[in-house]
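In what follows, a single structure is set out as structure tokens and then discussed.
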Amino acid sequence: MKFGTKVIHAGLEPDSATGAIMTPIYQTSTYIQDGVGNHKGYEYSRTLNPTRNALEINVAAIENGKYGAAFGSGLAAIDCVLKMLNPGDEVISTNDLYGGTYRIFKTIFEKYGIVFHFVPMGEVENVSKKINDKTKLIWVETPTNPTLQIIDIKALAKLAKENNILLAVDNTFATPYLQNPLDLGADIVMHSATKYLGGHSDVVMGVLVVKDDDLATEMYRIQNSSGAVCGPMDSFLVLRGIKTLHLRMKQHCINGKAIAEFLQSHPKVDKVYWPGLTTHKNHDIAKEQMKDFGGMVSFTLAGDRLEEALEIVKKLKLFTLAESLGGVESLVGHPATMTHAAIPKEEREKSGVVDTLIRLSVGVEDTEDLIEDLKNALA
Ligand SMILES: *Cc1c(COP(=O)(O)O)cnc(C)c1O
């Protein structure tokens, strides 16, 4: 089955009880037992719920995995992966990590004796230098937030295999439409389904997908034991979102390209970060591991005036100022004062998050209207 068919059909059978074509929202915590232990496969909804299960089968299929697990947020999914480790284990992670991931690593799991190293993963040698016999997990995010750096998943998968280390990839920015980390050798794929999978900015959810049977047993044991599951209504919303993922992504990519090229030619703009530009540092790797380059575009202004950046962000009308990304509507963010405000200026500037950096989550509106909006705001 090809991608556009899988998003609509994988895991989705008409409801056996009623024939309903759409997966029902099974808003129930528990299930009848005809005598002790005699049930239809469902006992309690933390462990298994039919609506959530349909979604889990669907996401596993679209990531070319075998097993999916859905959680109450992207961070709850990350929490599950970290709980597979033991005190003393070491993790190597990219240095320009999503802020919330950095926070759970440093303020939750470091306390339980897990050691984290943060390195620029654009160069694979930076990772190999940090590997020792305690290294158990490599955590990758690609493209990264907000400067859209590209990390070579295949090269890291090879390194991880040679050293018997798990490789996990946060695939939120790329989506399974553009990139399938399991096919490139990763062991675990994670998504904040809040973003492109849901696609309509109306739900918070996370998912994990794996291929390996033993990893799946661990994943489901932790999902059930920690209990950070999502509800049936949210599962239904994300299932519905995924059905148009391929259509939305095509338009996100068309708009992302048009806007990156427009910004590149604008005299007030200095740097443009979009992996599809041939000037992007790791464009060749992006071309190799991604099908297209997505709708996330960041740029900086010529000069270094914070006020100018804030003014532009305020003047935009179709791009709404808000956190988050991946919805059908365009959003704009100012990382230095929003998502990265907690990081000292000197530190954040090392990874390109300067005062004039503006991040766009380009939606699926008409291209001309979005460019017009940017043109007016930059004028
Ligand atoms: C949003 C996001 C997360 C966290 O997901 P939540 O659903 O907000 O918990 C993790 N990684 C990336 C890349 C994200 O964009």
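Where a number appears in this text, it was derived from the coordinates with a stated rule and is not lab data. Note that this is a predicted model, so its numbers are computed, not measured. Note that each Cβ is placed from the backbone with ideal geometry, even for glycine, and that neighbours are counted across all protein chains shown.
Quick look at the numbers
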quantity	calculated
Two-decimal log10 I(q)/I(0) for the range 75-161, as the Debye equation yields it once each C-alpha is a single scatterer, q = 0.15, 0.17, 0.22 Å⁻¹	-0.52, -0.68, -1.14
Computed magnitude of the charge dipole of the chain (debye, nearest 20; Cβ of K, R +1, Cβ of D, E -1)	180
Residue among 356, 339, 217 with the largest mean-square fluctuation in a Gaussian network model of the chain, springs linking Cα atoms under 10 Å	217
GNM flexibility winner over the chain from 21, 343, 108 (Cα, springs under 10 Å)	21
Shape category assigned to the range 4-68 from the gyration tensor of Cα positions, a/c cut at 1.5	prolate
Cα Rg over Rh - the range 159-270, Kirkwood	1.07
In nm, spacing of pseudo-spin labels at residue 129 and residue 18 (7 Å Cα→C-beta vector)	6.0
Length-normalised contact order for the chain - Cα pairs under 8 Å, 6+ apart - percent	17
Bins of 20 Å, starting at 0 and running to the largest distance - Cα pair percent for the chain	29, 56, 14, 1
For the range 245-378, diffusion coefficient by Stokes-Einstein and Kirkwood Rh (Cα), 37 °C, 0.692 mPa s, µm²/s	218
Set of aspartates and glutamates with alpha-carbon distance to residue 271 below 16 Å, sequence-local pairs under 8 removed	261, 304, 308, 349, 355
Positive dipole terminus of the range 245-378, leading residue within 286, 303, 343 (C-beta point charges)	286
Between helix 213-226 and the chain: long-axis angle, C-alpha atoms, 0 to 90°, nearest 10	90
Between the range 84-144 and the range 153-177, the alpha-carbon center distance in angstrom	13
Inter-centroid distance (Cα atoms) of the range 32-81 relative to the range 261-316, Å	39
Cleavage-rule hits, trypsin sites (Lys or Arg not before Pro), the range 1-78, DSSP coil, Cβ neighbours within 10 Å at most 12	2, 40
